[in-house]
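Below: the structure, in structure tokens.
Each value in this text was obtained by applying a stated rule to the coordinates, not by laboratory testing. Just so it is clear, the model here is predicted, and its values are computed rather than measured. Glycine also receives a Cβ, built like all others from the backbone with ideal geometry; neighbour counts cover every protein chain displayed.
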Amino acid sequence: MSDNSRVRVSIVGVVIVALFASLLARLWFLQVGPDRTQDKLSLLTERTIQTASPRGEIVDRNGVVLVQDRLSWAVSVDRDLGPKTRVRVLGQLSELLGRPYKDLLTAYQSKAQSPLLPAVVAHDITVDQQIAIEERATDFPGVHVIGLTVRSYPAADKFHDAGLAAQVLGYIGSIPADQLNRYEKKGYQPGDTVGLDGVEAAYESVLHGRPERITVNVDPRGLQVGAPVKVVPGSVGQTVRLTLDARVQVAAERALDNGIQAARKMPVSATEPLPLKATEGAVVVLDAQDGSVVAMANYPSYPLKWWVGGISETDYSFLNSPLANAPLLNRASSGLFAPGSSFKLVTALAMTKYNMRGAYFPFPDTGSVTIGNRVFKDDDGTAHGNFDLQRAITVSSDVYFYTIGNSFWQAWNLTKQAIPGLGLQAEARELGFGAPTGFDLSESPGRIPDPTWKQQFSNLINKDPAAKLANGQWYPGDEVNLAVGQGDVAVTPLQLANAYACFANDGTLLTPHVGMGIENPVTKASKAITPPPRGHVQFDDQVTRPLMEQGFKGVVSDPSGTAYNAFLGVNVPVAGKTGTAQVNGKAPTSVFAAYFPADSPKYVVVAMVAQGGHGAQTAAPIVRQVIQAIENPGAVAG
Amino acid sequence: MATITNAATKRRDASRAAIAHVDLVLLALPAAISALGLLMIYDASRAETANAGLSRLYYVERQGVAVMIGVVAMLLIATVDYRRIRDAWPLIYAATIPLLLGVLVLGRAHGGAQAWYQLGPLQFQPSEVAKVALVIAIAGYCHQHRGDLDAWRLAVAIALAGAVMAIVYAQHDLGTTLVIMVCAGAVLVIAGLKPVHIVVLLALAATLVGAAVVTGKVQSYQQARFQCFAGKTSVTQNKDQCYNARHAVDAIAAGGLSGAGFGDGPLTRNGYVPEQHTDFIFTAVGEDLGFAGGATLLMLYALLAWRLWRIALLSSDFFGTLLAIGILAMFTIQIFENVGMTMGIMPITGIPLPFMSYGGSAVIASFIAIGLALNVHMRRFS
């Protein structure tokens, strides 16, 4: 080799050393030196992952567990599968689990789940399925079996009542898109589970545990890089104790169901042989002294466990179909019914308060009365004779109360003064009608019609100014209808129960509530929920109230009382009032409101069934069953 | 003692002598790096095999077969006296050209390049072998005209290289074209290229590359990759082209000093770096084995380069020196370009990392190249 070549080979050697040195230097700076952090920062972003936090339990007033978290074995699938693999894996899972491929794909693609975690595609898999997935891991790339906490309903299983307090307890689910903003301000993240209805929603802030938050570095694909940056430990949700008594609740639901099934076998009337439709109903059992809701039953109902692990499409569309008739609705607090004669509680109190008629005045009921150009008849046409207030209540004389309504209208027509003209409305509002009761779950305010409302309503539905005026007139018939709880008046079963509680406890208008206390499951510290009363109503304790009490007792105990037959053989003294509210084009709403024991009232029980016929026919037997169950708790098996 | 010899005995003696002088370090290095390569291919193909529904060992098995073929080819090449190969250079060169041309007609496209023969389940990339063949040819030609490399002969040498480069370039394989250019250039420089010619050639190369870009002969994705490397394009504008580069750097940076541990790097495990078992295999080393592993691998390559450089100095003839330099240049430029692009200091091209990247043709060609170098080394005294 020439010297020249030797020099050139040496130069090549130097060049090669330089190249390798630069690679090594770059590697050092990238992995160990100062460039490292810089490169990481340019590509990695911080994200916070929240672990599931155990949600608090919901128990009844005696500690019976109504709702709790339980472990569910679920299948999750990684998000970074290629399209072909995904189809294969989901197909094989569908075969193994016996669930439709479409359901698995829908769950996989659901936006409601966190994009940072594997998608949960199936809940509550069996042990055999777990083993199959884990043993055949190579057939199921990216598939994991994970333990999740989901809601379970032990009391529903215990009492064999799948829909136990379904509308009261409510359900949980992922934060709806339109509420994401509101929840994010409170520290929630997309995909978090929150209470969406009932107690689960109303007590979300205490039931929801503070989730453990782990801040991690993620690369642009959302995969974690390195150890967590920050970990904030979470806490478990608190226990909510409800005023419900599971046994009474079950009894109320069974009584309501029995009553409705029985009504559906009865003809609408003597002239109409088709059976009653008895489409929907509700029962409220209220503590007459403190306003706590002991039971709140709804018909139709549905099994809460449908929501566990995300509701199926079939179940969801059923719940929202007209066929199902809104089983999600808590009719006891949000359903609007005409109270019928049970509203005579208000009319009777207003009558003496505004001096429309003396309580002892013997009013002649001839079976019908003509007011204006309309004839108002007694419901069954049998109540004839001279009645004082007590008797008018016991036999439910409509003419007696129609004429009271007319007297109020006359007073209003002459003076155009709210008092005494609209004394009926004033009394109704004093007893809590026409406004929210302050209940801790969602509720409807109901409606107490008056001239102002009627004019506004007319303005709303009419275009022609003349028609607005004509249809907005406050006619005698409007006031007469109100006096017997028909026409435009609408109340919730809860309002009716609360009004009777106010009467029964001699004047305290309570705040009905279903929450009894909050308890920390770890420290056992507890806080009672005792909403203050909404007001006090002064009754005439000398004459009116005692007479009415006798009247209400007579409804049940006097052979001429409207619910005498329905309560034959009940040992506890009960006071109550039937209601048969005429509804245009439909069978009447069957209503019964009662409190017992009659002499030292403890509970108010209200039953309302739409298209359920006479009050004594459907609602009274339901109330009777509930009262018997409360008196004889052993009767409810569980 | 009477010396009765015949031709057969002489050859046996010669080959015994040759085996005694084999470079054991150079023999061991490719085997060691290939073994690491198989491990890293296993590591880096996790997501790829899962997504394609392939067996977990699919790539490892195929690469293993290629390594075995490569080792056999290396040993076979080493047994034939390299001077016979030297004299056969025109034949070798003549055989390479139709092989390269054929792929343009019959070949199969992948990753922007049309450079593969599909032989049943196997693929064969002739340009890998052509690199070695051209080094032999240029070295052979320069050996013939030793010390007498005038302008005319230089032009012939450039034509030899240029023809191969043109065909490989026509296969849209820019990376291999550049590797061939560097190899040919290195051989020519050692062969005694005059300084003035070096300057002219550099200017020519620059003009060619510039002209190719200006006239649109460089594919747009190649331009985009280079723009991305040069930082001319923002990440959002040119997501796809910069994707590989960013993710490769990211994976290596994630490794740190000691790495995430074999099979534990989240980016590698989840297939975050595309083409990771082939061109971007170094990112798997970087993430899972860290600086410790990456530096060790670079040291192994440096050791390999040193042995090749040493052979260039020790060779008994000029051809051996030129051959060793050509092979040295081939490995060095591939290592520098490949590792450099994964670390963001070189633009992205489709050049495999010798003995590491998945790809049978490249592995076999690399073993053949080592076989040639061993050959020169073991016959340095004969």
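A few comments on the model shown:
- Listed by chain and number, the aspartates and glutamates whose C-alpha is less than 13 Å from the C-alpha of B:LYS131, apart from same-chain residues fewer than 8 away, are B:ASP173.
- Mean separation of Cα contacts under 8 Å (6+ apart) over length of chain A, as relative contact order %: 15
- Per-residue average of Cβ from other chains inside 10 Å of B:283-290: 1
- Over the residues of the protein assembly as shown, the helix contribution to mean residue ellipticity at 222 nm works out to -15500 deg cm²/dmol, using -39500 (n - 2.57) for each DSSP H run of at least 4.
- Considering only segment A:48-242, percent of DSSP beta bridges that pair antiparallel, nearest 5: 95
- Proximal charge balance of A:TYR101 [Cβ under 14 Å; K/R count +1, D/E count -1]: +1
- 14 Å beta-carbon shell around A:SER526, net charge (K/R +1, D/E -1): +2
- Working from Cα pairs under 8 Å separated by at least six residues, relative contact order for segment A:48-242 is 32 percent.
- Here B:ASP87, B:ASP23 are placed in order of increasing Cβ neighbour count within 10 Å, fewest first, which gives B:ASP87, B:ASP23.
- Relative contact order of segment B:112-175, taken over Cα pairs closer than 8 Å and 6 or more residues apart, is 44 percent.
- Dipole magnitude for segment A:438-512: computed about the Cα centre from +1 point charges on Lys and Arg Cβ and -1 point charges on Asp and Glu Cβ, it is near 280 debye.
- Subset of A:LYS353/A:LYS416; A:LYS158/A:LYS305; A:LYS305/A:LYS527; A:LYS377/A:LYS577 violating a 21 Å alpha-carbon distance limit: A:LYS305/A:LYS527
- Note on A:SER22 and B:ALA163: with the Förster distance fixed at 45 Å, the Cβ-Cβ geometry gives a FRET efficiency of about 0.85.
- For the segment A:72-82, counting C-beta atoms of other chains within 10 Å of every residue's C-beta and taking the mean gives 2.
- Estimated dipole of chain A in Debye, rounded to 20 [Cβ of Lys and Arg +1, of Asp and Glu -1, Cα centre]: 1440
- Of B:ALA329, B:ALA248, B:ALA206, the one that fluctuates the most in a GNM where chain B has Cα springs shorter than 10 Å: B:ALA206
- Cα-based convex hull, segment B:21-378, per residue volume (Å³, whole number): 136
- Positive-end extreme of charge dipole, the protein assembly as shown - chosen from A:PHE140, B:THR342, A:ASN217 (charges on Cβ): B:THR342
- In terms of surrounding Cβ atoms within a 10 Å radius of their Cβ, A:SER110, A:SER396 rank from fewest to most as A:SER110, A:SER396.
- Approximating the spin labels as points 7 Å out from Cα along Cα→Cβ, the A:GLN542-to-A:GLU95 distance works out to 8.9 nm.
- Sorted peptide list for A:125-132, A:254-261, A:425-432, A:579-586, criterion being average Cβ within 10 angstrom, highest first: A:425-432, A:254-261, A:579-586, A:125-132
- Average beta-carbon neighbours from other chains, 10 Å sphere, peptide B:330-343: 3
- Across the alpha-carbon atoms of chain A, the computed radius of gyration and Dmax are 33.6, 144 angstrom.
- Label point 7 Å beyond Cα of A:GLN417 along Cβ direction - residues of segment A:436-458 with amide nitrogen under 17 Å: none
- Kyte-Doolittle mean at least 0.5, axial Cα span of 18 Å or more - DSSP H helices of chain B: B:24-44, B:58-79, B:89-106, B:126-144, B:151-170, B:174-190, B:195-214, B:290-314, B:318-342, B:360-378
- Angle between chain A longest axis and helix A:620-631 axis [Cα atoms, degrees, rounded to 10]: 70
- Whichever aspartates and glutamates have a C-alpha closer than 17 Å to that of A:LYS454, once near sequence neighbours (fewer than 8 apart) are set aside: A:ASP464, A:ASP478, A:GLU479, A:ASP488
- Cβ-derived FRET efficiency at R0 22 Å, A:ALA525 paired with A:LYS158, nearest 0.05: 0.20
- Kirkwood hydrodynamic radius of segment A:157-254, from inverse mean 1/r over distinct Cα pairs, in Å: 16.2
- Selection from A:ALA251, A:SER10, A:VAL65 lying farthest towards where the dipole of chain A points positive, charges on Cβ: A:SER10
- Ranked B:HIS172, B:HIS277, criterion: other C-beta atoms within 10 Å, fewest first: B:HIS172, B:HIS277
- Computed from Cα positions, the angle between helix A:493-504 and the longest principal axis of chain A comes to roughly 50 degrees.
- B:VAL22-B:ARG56 FRET efficiency (beta carbon distance; Förster radius 56 Å; 0.05 resolution): 0.90
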